[in-house]
Structure formats: structure tokens, C-alpha cells
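Below: one structure, written as C-alpha cells.
The values are calculated or read from the model by the stated rules, or taken from the named source; none is laboratory data. Keep in mind it's a predicted model, so treat the numbers as computed, not measured. We place every Cβ from the backbone using ideal geometry, glycine too, and count neighbours over all the protein chains shown. Each accessible area value is taken on the protein alone, full model and side chains, heavy atoms only, with ligands, DNA and RNA left out. Shrake-Rupley method; radii C 1.70, N 1.55, O 1.52, S 1.80 Å.
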Amino acid sequence: MSTKMKLTEADLLSLFTSADYGNLLKDFTVQRFPKKTLIYSPFEEKNFVFIVKSGRVRVYLAYEDKEFTLALLEAGDIFSSHTPAFVQALDGAEIMVCNTMKFQQQLFALPEVSLIMVRVLGELLKNSILTIEGLAFKDVRRRLVEYLIEAEADRGQHTSAGSVVELGVSTEDIALLVGTTRQTISQILNDFIKNGIIEKVKRRTLLIKDLAALKDEVAPVVEAD
């Protein structure tokens, strides 16, 4: 399960505001959404592309009373209304919106930007497949451990006491990412704290004291001959 906070390493916002591609943003308008506001639902007939300017945006599927997070978008990430997913402002968010046809016309003249767009969409598809795979074949504890290991590899700061990881998300947000409840996440984290594997530094920051023990949680079991 991929749980990187940023969808890709490509920062389209910086690219589009550069001197070479400044005209790409001329048809975009800025829209602001408060925390937890729904930006788009698949029941709406809208035809737009948007780039996240600030804040974080959650892309998720919903079925009956269940929600499955596919990606968290940050500044520079792009998305389109042409999906069966819901889009929500996880924090207060600003997005830059453009009509899909106008944006498409701009891309025809800039094939190098189109290649970046293909890479972004490929990353989203990969993220979606990994999320579905995790939900289908892995239990909650394993999904959480994989999230923590990936977060440590992505943002961990090594100290003599272990690796400090600024998660940047609440327990509720982690629950959304791994497809479970806040209570379950708290219970598993408390178990790791009790066993000396992690330590809570502050609300959204953990100290991973024993990374090897954490990795052992997801290590394949080798059967003896």
C-alpha cells in the first residue's frame, strides 16, 4: 500500500508558473474549500482539471458505509473530475481549476508537459492498485506497519534514540489511509508503544525506536524444511 503524502515527485505548480510554461495557468481559477468539504462527487456532471495550490486533498471511493482512500494530494498534484472517485478537502485547501477541453488544447502544444501528465496518472493508477491489493489481501495491522515503514523511509530523521517521523496526519487520517477506524489504529499504536517499538513524540510525530522489530511484523515467514 503506497501511503506517500505527495502523489508524485513532479511539482506541476512550480512547472506551470515557470517562465517557459506560464501561459498554462491563464485559464485556471482559484477555488477555496474549508476542511472536510466535498470538492467533487462522481454523481456530478463536471468537466474540469485541478491542481492543488495549498492544503491537502483526499481522493477516495465510497461504497455503502465504507470509504477507501486512493491518494492524498498535496501542492503541485493534479487530478481530474473524470473518475468514479470522491474528492475532499482534508485540510482547508486551495485548488486551481480549469475546463478539461481548454487544458487539453494547451497540452497539445506542449508535448513535454503531456509526458509529465502521463507519469502523474500512472502514479495514481499504481497507488490505486496497491491500495486495492492491500485492502483485499492484508490485515489492518500489516497495512499500518507498511505505512509506518514507508513514512520512515520517506521522511524519517535518524537520531541516537531512533528515527523521528513527522507524519503530518492525525490518527483519524491514518485510519482513512489504511481503511479502518481511528480506534483500531490507536489500539495497534498503543501496542507498539507498550512493546517499546515506537514512542509518541507529539500529536503527529512518532519516534520509531526499533525499526527492525517493525519490519519483522511484515517479514515473510520462512517455513523450516
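Based on protein heavy atoms only, the chain ends up with 54 Å² per residue of surface accessible to a 1.4 Å probe.
Within the chain, helices built from complete DSSP H runs that reach 24 Å or longer along their own axis (Cα positions) and carry a mean Kyte-Doolittle hydropathy of 0.5 or higher are 111-137. With K and R counted +1 and D and E -1, the other residues having a Cβ less than 12 Å from that of SER81 yield a net charge of -1. The length gained on full extension between THR205 and GLU217, counted as 0.36 nm times the residue separation minus their Cα-Cα distance, comes to 2.3 nm.
Here the Gaussian network model covers the chain, with springs between Cα atoms less than 10 Å apart; of ALA89, ALA175, ALA109, ALA109 fluctuates the most.
Just how large is the dipole of the stretch 140-217 about the Cα centre, in debye to the nearest 20, putting +1 at every Lys and Arg Cβ and -1 at every Asp and Glu Cβ? Charge dipole, the stretch 140-217, about its Cα centre: 240 debye, nearest 20. In this Cβ point-charge picture (+1 for Lys and Arg, -1 for Asp and Glu), the chain has a dipole of about 680 debye about its Cα centre. The count of lysine pairs in the stretch 12-137 that are at least 8 places apart or cross chains, and whose C-alpha atoms lie under 21 Å apart, stands at 10.
The simple spin-label model puts a point 7 Å past each Cα toward its Cβ; for GLU94 and SER114 those points are separated by 3.1 nm.
Using 0.36 nm per residue of separation minus the Cα-Cα distance, give me the extension gain between ASN23 and LYS46 in nm, one decimal.
Extra length available between ASN23 and LYS46 comes to 5.9 nm.
Taking the 1.4 Å solvent-accessible surface of the chain as the whole, the part contributed by carbon and sulfur is 54%.
For the chain, modelled as a GNM whose springs connect Cα atoms under 10 angstrom apart, the maximal fluctuation among ASP65, ASP91, ASP77 occurs at ASP65.
In plain terms, the chain from LYS194 to ASP139 could stretch by 17.7 nm, reckoned as 0.36 nm per residue minus the Cα-Cα distance. Per residue, the average separation of C-alpha pairs within less than 8 Å and at least 6 apart gives the chain a relative contact order of 21 percent.
Protection proxy ranking for 179-191, 44-56, using the average of other Cβ atoms within 10 Å per residue and placing the highest first: 44-56, 179-191. Other residues lying with their Cβ under 10 Å from the Cβ of LEU176 contribute a combined charge of -1, Lys and Arg counting +1, Asp and Glu -1.
Considering only ASP139, ASP173, ASP20, the Gaussian network model of the chain with Cα springs below 10 Å gives its largest mean-square fluctuation to ASP20. Note on THR37 and GLN187: the model spin-label points, each 7 Å out from Cα along the C-beta direction, lie 3.6 nm apart.
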